[in-house]
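Below is one structure, written out as structure tokens; comments come after it.
The values are calculated or read from the model by the stated rules, or taken from the named source; none is laboratory data. For clarity, every value in this text was computed on a predicted model and none was experimentally measured. Neighbour counts run over all protein chains shown; Cβ positions are idealised from the backbone, glycine included. Only protein heavy atoms, including side chains, enter the accessible area calculation; ligands, DNA and RNA are left aside. Shrake-Rupley method; radii C 1.70, N 1.55, O 1.52, S 1.80 Å.
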Amino acid sequence: MSVLVYTESENGNFKKSAFEVASYATEVAKQLGTTATAVSFNSNENESLGDYGISKVLHISNDSLKTFNANAYALAVVQAAKQEGATTIIVSSSADTKYMAPLLAAALEAGYVPNVVAAPESTSPFTVKRTAFSNKGFAHTQIHTDHKVIGVSNNSFGIHENKTEVSIEDLLISLKDGSFGTKSVEIDKVIGKATIADAEIVVSAGRGLKGPENWGIIEELADVLGAATACSKPVSDLGWRPHGEHVGQTGKPVASNLYIAIGISGAIQHLAGVSSSKIKVVINTDPEAPFFKAADYGIVGDAFEVVPALIEKLKEFKAQNA
Ligand SMILES: Cc1cc2nc3c(=O)[nH]c(=O)nc-3n(C[C@H](O)[C@H](O)[C@H](O)COP(=O)(O)OP(=O)(O)OC[C@H]3O[C@@H](n4cnc5c(N)ncnc54)[C@H](O)[C@@H]3O)c2cc1C
């Protein structure tokens, strides 16, 4: 009765979150005195999960599951759980997984807790710590059902190496057309850039940038740092930036190691999406901007002077340390 973990991948490569949930599942398995088994979809890197304590991978190789589908993925994970006799299922708290996990929980009659930020505090009763009130507090939540689904917040538990011998087994799943519910017929995606969900560094800008024609300095700073770009809600509402970049309570959550907020006031709805970021740097002309209260480092200054100066210094630093 191992702990089962769903590991997300894209184009055959695991996402960073896969190694974090694998590490988390290993810890839960240790607490429960069992082993951790992963379920993966069309991955080319199954062996790598052994680096994080996974002793068995159930690998699903299926062309119809090349792109994520909440219904079909949930059915496949249910099948894996049944085969393994697993009652504790670990997933990430990514946007995709938040569509899938409730379906999984309903099928298994499981209690589901998303946004979990630490290893279980107790396994009897099973108690986990999760963020609450848009990341402004924590809830210590008990799960009383036999089956449990735990969604781990990105960049919260961390990735922990734990080299383990891993066996890979193919898992054949039976899906019908009706198993999919919906089908993505085309996906338009920005390629070659770090995504907000996986990025170590996010450079984000707000209405202080005055207009879309000024985003060149934001893009350049992001390029120098190998960062993803993001923005505040009004910026995407105004059509200055794509909606996929909008961060906050009604947008994407960011759990990067470094979040640089430029010309963003720091409204509570924006802060709700970035409070899981480890270090926050704020650049704003207004010393009273609320974001400074949440910042680790702040620069009171004009973005149009500070950002180009920062880019120049970073380029110099990179050239000297190449
Ligand atoms: C229900 C609801 C949900 C919402 N959800 C979200 C959400 O998910 N995400 C989100 O972001 N917002 C959200 N909002 C909107 C939120 O309340 C704020 O209005 C929004 O975050 C403000 O965006 P901003 O900081 O870019 O703009 P502003 O509030 O206009 O701030 C611009 C900032 O730029 C600074 N500035 C101006 N010029 C410069 C310069 N040259 N250099 C440096 N700094 C400069 C100013 O001092 C100011 O602090 C939501 C609102 C509601 C009601």
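Can you tell me which residues in region 301-314 are within 9 Å of the ligand (Cβ to nearest atom) and aliphatic (A, V, I, L, M)?
ALA303, VAL306, VAL307
If I ask for residues that are open to solvent by 50 Å² or more (accessible area, probe 1.4 Å) and either touching an Asp or Glu at 6+ places or on another chain (Cβ under 8 Å) or within 16 Å of the ligand (Cβ to nearest atom) (or both), which ones from region 201-219 would you list?
ARG207, LYS210, PRO212, GLU213
Exactly one condition in (1) of a type outside the set (Phe, Trp, Tyr); (2) closer than 20 Å to VAL116 by Cα; (3) without any contact (Cβ under 8 Å) to a residue 60 or more places away in the chain; (4) touching a Lys or Arg at 6+ places or on another chain (Cβ under 8 Å) is false for LYS30; which is it?
(4)
Looking only at region 146-155, decide whether some residue is at pLDDT below 95, under 24 Å from ASN71 (Cα atoms) and not in a loop (DSSP other than H, G, I, E, B).
Checked against the condition, which is being at pLDDT below 95, under 24 Å from ASN71 (Cα atoms) and not in a loop (DSSP other than H, G, I, E, B), region 146-155 yields no hits at all.
Could you tell me which residue of region 128-151 is surrounded by the fewest Cβ atoms within 10 Å (Cβ to Cβ), considering only residues that are aliphatic (A, V, I, L, M) and within 21 Å of LEU104 (Cα to Cα)?
The extreme case among them is ILE143.
Which residues, taken from region 178-200, are at pLDDT 80 or above, of a type in the set (Gly, Ala, Ser) and exposed (fewer than 10 other Cβ atoms within 10 Å of the Cβ)?
Once the filter is applied, which keeps residues that are at pLDDT 80 or above, of a type in the set (Gly, Ala, Ser) and exposed (fewer than 10 other Cβ atoms within 10 Å of the Cβ), region 178-200 yields GLY178, SER184.
Given the conditions (1) closer than 26 Å to ALA267 by Cβ; (2) outside any strand (DSSP E or B), which single one is not true for VAL202?
The single condition VAL202 does not satisfy is (2).
Checking PRO120 against (1) surrounded by fewer than 19 Cβ atoms within 10 Å (Cβ to Cβ); (2) over 14 Å from TYR6 (Cβ atoms), which single condition isn't satisfied?
Unmet condition: (1).
Tell me whether region 248-266 contains one or more residues that are within 12 Å of the ligand (Cβ to nearest atom), in contact (Cβ under 8 Å) with a residue 60 or more places away in the chain and either of a type in the set (D, E, K, R) or not in a loop (DSSP other than H, G, I, E, B) (or both).
Yes: region 248-266 contains one or more residues that are within 12 Å of the ligand (Cβ to nearest atom), in contact (Cβ under 8 Å) with a residue 60 or more places away in the chain and either of a type in the set (D, E, K, R) or not in a loop (DSSP other than H, G, I, E, B) (or both).
With respect to GLY298, is the statement that it is without any contact (Cβ under 8 Å) to a residue 40 or more places away in the chain and out of contact with any helix residue (DSSP H, G or I) (no Cβ under 6 Å at 6 or more places or on another chain) true?
So GLY298 does not fit the description; no.
Quick one: which of LYS148, LYS163 is charged (D, E, K, R) and in contact with a Phe, Trp or Tyr (Cβ under 8 Å, 6 or more places away or on another chain)?
The conditions single out LYS148.
In region 47-101, what count of residues is obtained for those that are assigned to a helix (DSSP H, G or I) and open to solvent by 10 Å² or more (accessible area, probe 1.4 Å)?
Result for region 47-101: 18.
Return only the number of the condition from (1) in a loop (DSSP other than H, G, I, E, B); (2) without any contact (Cβ under 8 Å) to a residue 40 or more places away in the chain that THR141 does not satisfy.
Of everything listed in (1) in a loop (DSSP other than H, G, I, E, B); (2) without any contact (Cβ under 8 Å) to a residue 40 or more places away in the chain, THR141 misses just condition (1).
Conditions: (1) of a type outside the set (Asp, Glu); (2) in contact with a Ser or Thr (Cβ under 6 Å, 6 or more places away or on another chain); (3) within 12 Å of the ligand (Cβ to nearest atom). SER277 meets all but one. Number of the miss?
With respect to (1) of a type outside the set (Asp, Glu); (2) in contact with a Ser or Thr (Cβ under 6 Å, 6 or more places away or on another chain); (3) within 12 Å of the ligand (Cβ to nearest atom), SER277 is out only on (3).
Looking for whichever is part of a loop (DSSP other than H, G, I, E, B), away from the ligand (no atom under 13 Å from the Cβ) and modelled with pLDDT of 95 or more here; the options are THR164, THR229. Which one fits?
Going through THR164, THR229 in turn, the sole match is THR164.
Name the one entry in ASP286, ASP223, ASP296, ASP237 that is open to solvent by 40 Å² or more (accessible area, probe 1.4 Å) and within 6 Å of the ligand (Cβ to nearest atom).
ASP286
Read through the list (1) among the small types (Gly, Ala, Ser); (2) over 20 Å from LYS15 (Cβ atoms); (3) touching a strand residue (DSSP E or B) at 6+ places or on another chain (Cβ under 8 Å), then give the number of the only condition that GLY151 fails.
Here GLY151 clears every test but (2).
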